[in-house]
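A short worksheet on the structure shown next.
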C-alpha cells in the first residue's frame with residue numbers, strides 16, 4: 001500500500017478532501033446515538049437509543065444527504081470543529097486523527113473490510129433501540145457505558 005492510499009497517516013483532517021473525510025467513518029454508528037450532557041460538569045453520556053433514520057442492520061443513516069434538514073440537531077462533523085470532538089467515542093477515526101493517534105486494526109481503511117467494525121464488537125449493531133420506541137423523557141433510563 002503506498003502513501004497516498006494511507007492518506008490518514010500523513011494528512012490532517014483539514015487537508016482531506018470530501019471523499020477521504022467521508023471514508024474515515026468506520027460505520028460504528030455511535031455518533032448517531034442519543035447523548036445526554038450533564039449541565040454541571042459537561043460530561044456526555046451515551047444512550048442505547050439511535051435516531052429513527054438509522055438502519056440498525058447496516059449502522060448507516062437512511063437519510064444521510066438530508067439528515068440535517070430532517071433532524072436539525074443531527075451532528076455534522078466538519079474539520080473546523082476538531083476542537084469539539086472530545087464527545088466522540090475514543091475509537092472514532094475523526095477523534096483519533098485529531099489527537100494524533102493511529103486507526104485501529106478493525107477500521108475498514110486498515111482492514112480493507114467494512115464488516116470488521118461489526119465483527120470486532122465496536123459498532124452498535126444489535127445493541128440499540130430506535131427513538132421511535134422510547135419516550136423523549138425516558139432517555140436517562142437508556143444510558144449505557146460502551147466498552148472501547
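Quick one: compute the contact order of the chain, relative version, from alpha carbon pairs under 8 angstrom and 6+ residues apart, as a percent. Could the numbers behind the result be given before it?
On the way: 171 pairs, mean separation 49.0, N = 148.
Relative contact order here is 33 percent.
Site pair residue 57 and residue 90 shows an inter-label distance of 3.3 nm when each label is modelled 7 Å from Cα along Cα→Cβ. The alpha carbon centroids of the range 107-148 and the range 59-106 are separated by 14 Å. Diffusion of the chain by Stokes-Einstein, at 10 °C in a medium of 1.306 mPa s and with Rh set to the Kirkwood radius over alpha-carbon pairs, works out to 98 µm²/s.
FYI, it's all coordinate maths here, none of it is from the lab. Given the structure is predicted, the values throughout are model-derived calculations rather than measurements. Cβ atoms come from the backbone with ideal geometry, glycine included; neighbour counts cover every protein chain shown.
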